[in-house]
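Have a look at the structure below, then the notes.
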Amino acid sequence: MAVGRGCSRDSWLRERTGTMTNEQEIRTLIERWAAAVHAGELEVVLEDHADDIVMFDVPPPYEGVRGLNAYRDTWPSFFEWQASGAVFELETLEVTAGEEVAFAFALLRCGPGKEFPTNPSRLRLTLGLRKQSGRWVVTHEHHSFPSTD
């Protein structure tokens, strides 16, 4: 059966089977995470992260943070900064998913919204995921900005 015009393979499959592909599940997880970051909803931000997550972030510590508690501790100061008028929005998202492991990379608008017309820099996000007890969890998260030197 052919996939109709304007209908992606994934949406066609979901409509006919009532299930989502691994890629769709991960895309939904990441989109929900980004919306929670923007809204400052810490529990939702943490929800789909592994207990042993490793994150390399833009601010120190440069050796990264390890574990869900350390990851949790990085967010309050970011939420405080973001409340001053910053944005956090996905622009592009690519997902590659197997049956047990996956990775994704994205570009996000992250910063004071008024600066975007003159500063096109975007936050780069890379995620590693694994399937754990039947659901996808983020095990590695890396944020970076391009060097301006």
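Read-outs throughout are calculated quantities, based only on the coordinates presented, and are distinct from any laboratory measurement. Since we're looking at a predicted model, the values are computed, not measured. We place every Cβ from the backbone using ideal geometry, glycine too, and count neighbours over all the protein chains shown.
By the count of neighbouring beta-carbon atoms within 10 Å, fewest first, LEU107, LEU90 end up ordered LEU107, LEU90. As a proxy for reagent exposure, GLU63, GLU31 were ordered by neighbouring Cβ count within 10 angstrom, fewest first; the result is GLU63, GLU31.
About its Cα centre, the range 20-68 has a charge dipole of approximately 120 debye under the convention of +1 per Lys or Arg Cβ and -1 per Asp or Glu Cβ, with nothing else charged. When the GluC sites (Glu not before Pro) in the range 86-149 are filtered for DSSP coil states and for at most 10 other beta-carbon atoms within 10 Å of their beta-carbon, the remaining sites are GLU99.
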